[in-house]
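Engineer: Pasting a structure here, questions to come.
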Amino acid sequence: MKRLHIERKSNILCAAVGAALMLSACASTTKAERTPMPEVAISANTQLLTDQELAFINASDELVLYNLTPEKLAVKLAEKSPQEAKQLVQALMQTSAQRRYQANHTASKATPAEGIEEPLAYLADSDIIPLNPEAGGYNRQRVLQPALFDRYKREPGPFSLKRYLNEEGGIPTFANAPVAIRKADLVAGAVDVAFVGVPLALGSGWRDDKHAPTLLRGMYGLSGYSVEGGIDPTLAMQVADYGNIAVDNMSPELNIEHITQQLTDMLEAGTIPFIVGGDHSIMFSSVSAVAGHFSDTPVSVLHLDAHYRGERDKDHFYSDEQSVANLLEASVIEGENLIQVGLRGASQNKSALMWLRENSVKYHTMAQVERDSWPVVMEQALTELSASAGKTFVSFDMSVVDPAFVSGSGQPVAGGISVRQAMTLVRRACAETEVAGFEMLGVAPFLDLSYNTALSANQIMHACLTGIAMRKSGMDNANYIDPMALSHQ
C-alpha cells in the first residue's frame, strides 16, 4: 500500500514540475501513457509557440478541460495574431497547472504569460491529511469487542433473533438468516455464505449508498426457492448475517485496511462473503482480501458496472471512480483477469477504453450488446471468466442496470441491462465458476421512487446464492435450468 501511494504521488509531483511550462515534459514519464493524438495542422499564427506549447495544443486530455479539441483550438488560434495565440496558449497552460497538485510547502506565483498583468497564484497542497493521534477514541469504532465482555455467555455459532417459530416480521437480517458477530461464530456454524454490510458512501462524495445495508435487510427477495435453479439456497447452505463493518465517514483511506481484514477473517473461516455496500470504493478492499487469501490461485473479477472505475487523476487517491485503477496499479489483480460488462456513458471516453486495452482488461460495452445481442455478449463474458479455472469474485454495481428498472442507483446511466439479464448472468457465473465473493454496490434506496431497487438488488444477490447452491449440488453445467421450470411438459 505504501509503495502504491509513493508511486502515485511521484506521478502527481511530476505533473506539477515547472508549474505551467513543464506539463508536456512530465506527461512522458507517467505510468499510464496517454495515447498520442495525430498532430493538427495549425495556422501560421502559431509561429511563436515553443515545442512545449505546440505539444500542449495537441494534448486532447488537457484541452477537454476547456471543452476543446485540437481541431477546435486550431480554429480559435487561426483568428488571432501570433502574439495573441501565444498568450491564449500560455493562459490555458497556466490554468491547467493551477489545477494540479502543488508540492511546494510555501505559496508561490507562476511566471505570468505575456500580456497577463497579474501572475496567477499557486497554493501549496499538503501530501497528507492531518489527523489527531491524541484523540482519546481514535480507533474506538474499529475495536472488536472480546467475547469476554459479553453480558450473557454463549457457545460460538450463529444465533437466531426470532421470538416465534415461524416469525416473518421480527428484527430484520439478510435473508432472514441467523446472526454471527465473530469469526468464531462462522467457524463453529460452518457458514457457507455470510452477508456483511459496509455502509460507506464517502468514496463517491454524494448519493445515498450508505443506507443500502439497512434497507436491503428489511426487503424480501433474498431467501426462498429459485425456480430456475430448482433449489432453495438458504436451505441448501448455511447462511448468516455478519452485521456491518465499521467505516470512517471522514476518510476513505482509513477504511481500506479494516475492511480488508474483516473480509479476510470471513475467508479464513471458510465463508464466502457477500458484501453489501456502500459505494464502489469498497471494491479495492474486497478484491484485495480475496486475492490475498487465495494468493496461490488465479482470481478473476467479473465487474458489472456502467463505469470503468479506471480514473487516474482525481484529487484523492482512493475513490469509487479509481478502484479498478488502484487494483491494477497495486498489482492486486492482472488486467487480463478482469472482465467488465455494461460500460456506457460519458464516464469513459476513447482514452479510457485505450487504457483498458493497454492493461489487457476484457471489456464489453452496451454498444456491443446493441450490435451483437445480450446472449452473445453474456456467453463471451462467461467463457472469459471460466478460462482462468481459478476463483471468481463478482463486483456488481447497480448502475449496470438501466434506471428505467431501478431508480435508486447511486450513479445511474441510461441504456443499461434489465434486471432479468443481470439475474441470469449472475446466476450462471456463480454456478459455472468457483465463487469466492460477491459485492452489491451503488444501491441508493432513498432515491428510489418505490421499493423496486432494494427488491431487485436482493433478487440479484439471490441469483448468485442460487448459483453457488447449484454448483454445490452438482448442477454446474453451462446454462442449466431446472426442467420443471421450463413448461408444464
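The values are calculated or read from the model by the stated rules, or taken from the named source; none is laboratory data. The structure presented is a predicted model; accordingly, all values stated were derived computationally and were not measured. Here the Cβ positions follow ideal geometry from the backbone for every residue, glycine too, while neighbour counts run over all protein chains shown. Surface accessibility is based on the protein's heavy atoms, side chains included, excluding ligands, DNA and RNA. Shrake-Rupley method; radii C 1.70, N 1.55, O 1.52, S 1.80 Å.
Engineer: Is there a residue being in the same structural domain as Ala436 (by TED's automatic domain parsing), farther than 26 Å from Leu425 by Cβ and buried (at least 21 other Cβ atoms within 10 Å of the Cβ) anywhere in segment 210-218?
Structural biologist: Yes, segment 210-218 contains a residue that is in the same structural domain as Ala436 (by TED's automatic domain parsing), farther than 26 Å from Leu425 by Cβ and buried (at least 21 other Cβ atoms within 10 Å of the Cβ).
Engineer: Now a separate question. Listed residues Ala463, Ala454; which is open to solvent by less than 40 Å² (accessible area, probe 1.4 Å), within 23 Å of Leu215 (Cβ to Cβ) and out of contact with any Ser or Thr (no Cβ under 9 Å at 6 or more places or on another chain)?
Structural biologist: Just one listed residue meets the conditions, Ala454.
Engineer: Okay, moving on. Looking at Ala124, Ala135, Ala113, Ala107, which one is open to solvent by less than 50 Å² (accessible area, probe 1.4 Å), farther than 27 Å from Leu54 by Cβ and modelled with pLDDT under 70?
Structural biologist: Ala124
Engineer: Quick one: is Val239 touching a helix residue (DSSP H, G or I) at 6+ places or on another chain (Cβ under 6 Å), surrounded by fewer than 17 Cβ atoms within 10 Å (Cβ to Cβ), more than 27 Å from Asp320 (Cα to Cα) and not charged (D, E, K, R)?
Structural biologist: For Val239, the condition - touching a helix residue (DSSP H, G or I) at 6+ places or on another chain (Cβ under 6 Å), surrounded by fewer than 17 Cβ atoms within 10 Å (Cβ to Cβ), more than 27 Å from Asp320 (Cα to Cα) and not charged (D, E, K, R) - is not met.
Engineer: Given the criterion within 20 Å of Glu434 (Cβ to Cβ), crowded, with 23+ Cβ neighbours inside 10 Å, of a type outside the set (D, E, K, R) and assigned by TED's automatic domain parsing to the domain that holds Gln322, identify the matching residue among Ser286, Ser295, Ser281.
Structural biologist: Going through Ser286, Ser295, Ser281 in turn, the sole match is Ser286.
Engineer: Do we have any residue at all in segment 388-397 that's under 19 Å from Phe284 (Cβ atoms) and either in contact with a Phe, Trp or Tyr (Cβ under 6 Å, 6 or more places away or on another chain) or aliphatic (A, V, I, L, M) (or both)?
Structural biologist: yes
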